[in-house]
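To keep things clear, I will list the structure first and then write my remarks on it.
The values are calculated or read from the model by the stated rules, or taken from the named source; none is laboratory data. The structure displayed is predicted, hence computed values, not measured ones. In this analysis, Cβ positions are derived from the backbone assuming ideal geometry, glycine residues included, and neighbour counts consider all displayed protein chains.
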Amino acid sequence: MDILDSKLLSKQAYIGSRTLRTEDKALLKGLGQFVDDIKLDNTLFSSVLRSPHAHARIIDINITLASQLPGVHAIYLHKDLPLSAQKRLPLNTPNAAITLVMTQEILASTEVCYVGEPVAFVVAESRYIAEDACSIIEVDYEILDATSDCIEALRETTPLTHTIAKNNLIAKLPLSYGDIDGAFSADAVIVQDIFSQNRGSAHPMETRGYLAEFHKATSQLTVWSAGQAPHLEKKTLIDMLDWDPEKIRVIMNDVGGGFGPKAIFYPEEALVAIAACDLNRPVKWIEDRREHFLSGSQEREQYWDISLALTQEGKIRGIKLKMTHDNGAYLQWGVILPYIGVTTTPGPYVVPAMDVDLKMVFTNKGPTSPVRGAGRPQAVFAMERILDKAAKVLSVDRAKIRQLNFIQPEQMPYNVGFIYRDGKAMIYDSGDYPKCQSLALQKANYDTFSQRQKLAKLSGRHIGIGIANFVEGTGLGPFEGATVRIQQNGRVTILTAAAAQGQGHKTTFMQICADQLDIDLDLIDVIAADTNAISMGIGTFACRITVTTGNSVYLAAQNVRSKVFSLAAFLLQCEVSELEMANGLVFVSTEPTRSKTFADLARVSQGIPGFSFPKGVTNGLEDTQYFLPTQAAYCNGTAVVELEVDIETGQIEILNYVMGHDSGKLINPLIVDGQVQGAVAHGIGNATLEWMRYDEQGQPITTNFGEYLLPASEDVPRVSVVHLETPSPLNPLGVKGAGEGGTIPAAAAIISAIENALDDPNVFLKDTPMTPQRLFEILKNNTTSAHH
Amino acid sequence: MDKIHIKVSVNHQMYEKDVDSRCTLGDFLRNDLGLTGTHYGCEHGVCGACTVLLNSKSVRSCLLLAVQANGSEITTIEGLANDDGTLSELQQAFTECHALQCGFCTPGMLTTLTELLSENLSPTEAQVKSAISGNLCRCTGYQPIVDATILAASRLRDKSIPSAAIKQ
């Protein structure tokens, strides 16, 4: 029976339904197993001593006093690490354009390059004692000049981030397509400006953390991690510890949010593993929030100098872009983050020509890597803001100028023009962008907004509306895999290394599997986020798990379904076409008492010692599939935000937030709605609150939740989500990623709405976050430009 | 380190322990009693994930020392379900409204909202938002938590009406 035939039999009960999450019960009763909740006997605890300077040379480290402190078991400096761990971390995503491959050391040997860089590692009886010991380690630093601004960093006279570097430029990436000179010819209308976004961090509510245990009897090393990418962490541990790949296991139980930064391999993971092996006791490290501010990966600080060429009617002819990316002190994901950013620029619009000059720059600040949105919020901010400006210049309505430029659904698949970072043409697979915007505008009552605005003004209120569109490449390769196995007890297990940080993957996988095997969810178990569950995997980021793992579960479950039917037909001496399946029972349709349970079949498939299988019967009722996407599945969306600005205080209140969202076929709309609402909250934070600030010496000055504000309950409105479901033709389920779409257009739409509310021809807002204080200053000064 | 003898009731069970004078209440609950449902998200009193009920009032267990809880009655997330182990109305509403994703802030949300519902069975959306304004959540965008609380409150109100009154 081939997959298509068996699909016809599937009753499709769970896919598409608002199934309640199976993850919830334990979490609601306080029975989750986050990494710090795992209690192993004899565990030692640890603390990291970090550099207080943005740039310094280490002259001497004195640990005498600290090592004498009762309860201290070991103190590691760079020289104490195994030779394999004295190397710099591997760069998992190399690129020929990178002129200086400067990744982090596990512990700094001679030079520290950002505040928070690990210098020493203390292992002790308790976290309290480990922190005591850190406070009495004496480090003699020679303070070096630091660079903290990525634009300044490119000047000849600016201090070097790394003393061995020739300059602060990491890579220069020119990218272009189309006839750019033609686009910018004399008859073009040209609109130009410079946009920027601040630094922030993802701030999952659970900080980073690791627990390592070495089993002496088997030489097995197990690491529990609050991470996103089990197999990537395993691969790095193998390198850093020079370890037998078959004797190392990375497990991620419950993880308290990720949003990007937990996909990075951090020094502390190697440190707990090294110490656990040395001391032959489990070793745990749990980050505190201040450390997360210093050493957790950050994002968004970029400068976008964008020129848009248009026809007199407002049709886009081309874009020239100079983008500078503040990478921070060390490389983590190569050029991926800024590359995603610039290639996101055209979005849902026909842009016939583009010319990009991308510069990646080292600074003595915390390293960057993707945070929910991954460079796209900046691209959408620059593109949508310059379109707003063009609309103003040409006196066209902001919705109209977008409508005029949309790629039409009949143009799909659409070749954008770029060669993507995988070396292939960047091609949108599907989507209906005009419809998405039009439905969102309808839901937001855009047509009648100007009347509302006029009425509000009569009563002294300032309301505004903003629109922003995006297209996001999701479900990227190379693969993720899953095994579906029917057990001898009749239960079905899904095994995968894909790790969840709150996205409800287990429930999603169970729904997909249940429909293929016509069983209820309570017959299914999921083992996930464990490198022992399946031999290969990548990780959870870039909205890829439902596409990659979801389709792997689907294909594997379909194959298991075929195996069940084949074996049952053999045992019941009938044709497959005579059989039906329900609730773990396979039976002859016309004679239901002739049946076999999943348990019966699983036992037969396990074989009897000494007996060969008859022809056509294979061992095991299981199948493993790795879904290999050929390219990204592109989701898209439109944010329409209506808000009110209190011009006395600069406070904003969001009155209506509409999100048109097309992530293809929805497996669980309850979960997808939750992803959108949560992602929008993150975007509201970026637009109005979150600001990771450094002083000129690279010293971070926002290192707690009082100084760095996350959106709280009263800052986030209800988001009205309008779903479109344009299935991706690139995977059997037709799904696309859904975790980041809410964040990506948020800042662009919100800032546009604020500007619209101010209704002042002299105010054009070009950066984020637009905090009440900054807005107040702009209102007070009301100068010709709001650029800082 | 000085050890101090304390006696506390946690989720209706009595505990007597010698604790370090500097041990925080949250560490005591998590490490000494093994009640790991209470989470530390910031350790500086802002995120609210560590909120427990101390004599029925919500407190930050990262900002209190264990010794300060001596003689108190504490309720943690582990003590919120019904006696038979089924989910409380609030917990049930949380799963129905998808009011948790990663679940890390959930202990603080549930304890804070349990306090709210003990004082006000008819909260408005604004009152719920105000009650959890000191509890950070990075996953849900809060609205589902508000919806869950309103739902739980309505069910609790129905329950609190005597059955005779419903018949009329």
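Listed here are the helices (runs of 4 or more DSSP H) enclosed by the stretch A:8-112 that have at least 3 residues being within 14 Å of another protein chain (Cβ to nearest Cβ): A:24-28.
Residues in the stretch B:75-85 that are facing chain A (nearest Cβ under 10 Å) and without any contact (Cβ under 8 Å) to a residue 60 or more places away in the chain: B:77, B:80, B:81, B:85. A search for C-beta distances below 9 Å between a residue of the stretch A:205-225 that is closer than 12 Å to residue A:268 by Cα and any residue that is among the basic types (Lys, Arg) and not in a strand (DSSP E or B), counting only pairs 6+ apart in sequence or on different chains, returns A:208/A:262; A:223/A:234; A:225/A:208; A:225/A:262.
Scanning the stretch A:643-690 for residues that are in a helix (DSSP H, G or I) and either among the hydroxyl-bearing types (Ser, Thr, Tyr) or at pLDDT below 95 (or both) returns a single hit, A:688.
The set of residues from the stretch A:713-739 being crowded, with 22+ Cβ neighbours inside 10 Å and without any contact (Cβ under 8 Å) to a residue 12 or more places away in the chain comprises just one member, A:713.
Looking at the stretch B:32-53 only, could you name the residues that are without any contact (Cβ under 8 Å) to a residue 24 or more places away in the chain and more than 8 Å from chain A (Cβ to nearest Cβ)? Scanning the stretch B:32-53 gives B:33, B:45. Quickly run through the stretch B:122-156 and pick out the residues that are closer than 14 Å to residue A:715 by Cα, surrounded by fewer than 20 Cβ atoms within 10 Å (Cβ to Cβ) and touching a residue at least 60 places away in the same chain (Cβ under 8 Å). Within the stretch B:122-156, B:134 is the sole residue that qualifies.
Among A:637, A:674, A:685, A:660, which is over 30 Å from residue A:495 (Cβ atoms) and within 14 Å of chain B (Cβ to nearest Cβ)?
Every option except A:685 fails the conditions.
For every residue, the table says whether it meets (1) without any contact (Cβ under 8 Å) to a residue 40 or more places away in the chain; (2) buried (at least 18 other Cβ atoms within 10 Å of the Cβ); (3) farther than 17 Å from residue A:55 by Cα.
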{"site": "A:105", "(1), (2), (3)": "no, yes, no"}
{"site": "A:112", "(1), (2), (3)": "no, yes, no"}
{"site": "A:115", "(1), (2), (3)": "no, yes, no"}
{"site": "A:119", "(1), (2), (3)": "no, yes, no"}
{"site": "A:122", "(1), (2), (3)": "no, yes, yes"}
{"site": "A:125", "(1), (2), (3)": "no, no, yes"}
{"site": "A:132", "(1), (2), (3)": "no, yes, yes"}
{"site": "A:139", "(1), (2), (3)": "no, yes, no"}
{"site": "A:145", "(1), (2), (3)": "no, no, no"}
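Scan the stretch A:497-551 for residues that are out of contact with any Pro (no Cβ under 9 Å at 6 or more places or on another chain) and in a helix (DSSP H, G or I) and the total you get is 20. Going by the conditions given, is residue B:153 away from chain A (no Cβ under 11 Å), of a type outside the set (D, E, K, R) and closer than 23 Å to residue A:677 by Cα? Criteria met by residue B:153. Take residue B:95 and tell me if it is more than 8 Å from every other protein chain (Cβ to nearest Cβ) and β-branched (Val, Ile, Thr). No; evaluated as a whole, the condition is false for this residue. The number of residues in the stretch A:708-737 that are within 18 Å of residue A:558 (Cβ to Cβ) and outside any loop (DSSP other than H, G, I, E, B) comes to 1.
Let's see how each residue does on (1) under 21 Å from residue A:685 (Cα atoms); (2) assigned to a helix (DSSP H, G or I):
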| site | (1), (2) |
| --- | --- |
| B:74 | no, no |
| B:78 | no, yes |
| B:84 | no, no |
| B:107 | no, yes |
| B:114 | no, yes |
| B:117 | no, yes |
| B:122 | no, no |
| B:146 | yes, yes |
| B:153 | no, yes |
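When each of A:373, A:366, A:334 is tested for being of a type in the set (Gly, Ala, Ser), in a loop (DSSP other than H, G, I, E, B) and closer than 18 Å to residue A:752 by Cβ, the lone residue that passes is A:373.
Here A:276, A:309, A:382 are screened, and the one residue that is modelled with pLDDT of 95 or more, over 18 Å from the mean Cα position of the chain (by Cα), buried (at least 22 other Cβ atoms within 10 Å of the Cβ) and within 26 Å of residue A:229 (Cα to Cα) is A:276. Number of residues in the stretch B:5-22 that are surrounded by 15 or more Cβ atoms within 10 Å (Cβ to Cβ) and at the interface with chain A (Cβ under 8 Å from one of its Cβ atoms): the value is 1. On the stretch given as the stretch A:589-620, residues that are within 19 Å of residue A:490 (Cα to Cα) and not in a helix (DSSP H, G or I) total 12. Can you tell me which residue within the stretch B:124-144, out of those that are aliphatic (A, V, I, L, M) and assigned to a helix (DSSP H, G or I), is farthest from residue A:289 (Cα to Cα)? Across the stretch B:124-144, the extreme among qualifying residues is B:126. Against the conditions (1) in contact (Cβ under 8 Å) with a residue 60 or more places away in the chain; (2) crowded, with 23+ Cβ neighbours inside 10 Å; (3) within 13 Å of chain A (Cβ to nearest Cβ), residue B:69 satisfies every one except (3).
Can you name every residue in the stretch A:199-237 that is surrounded by fewer than 18 Cβ atoms within 10 Å (Cβ to Cβ) and not in a strand (DSSP E or B)?
A:216, A:217, A:218, A:219
Each residue in the stretch A:106-125 was checked for being under 11 Å from residue A:330 (Cβ atoms) and among the acidic types (Asp, Glu), and 1 pass. With respect to (1) under 43 Å from the mean Cα position of the chain (by Cα); (2) modelled with pLDDT under 95, the lone exception for residue A:611 is condition (1). Given A:300, A:249, which one is away from chain B (no Cβ under 13 Å), under 24 Å from residue A:708 (Cα atoms) and not hydrophobic (A, V, I, L, M, F, W, C)? It is A:300.
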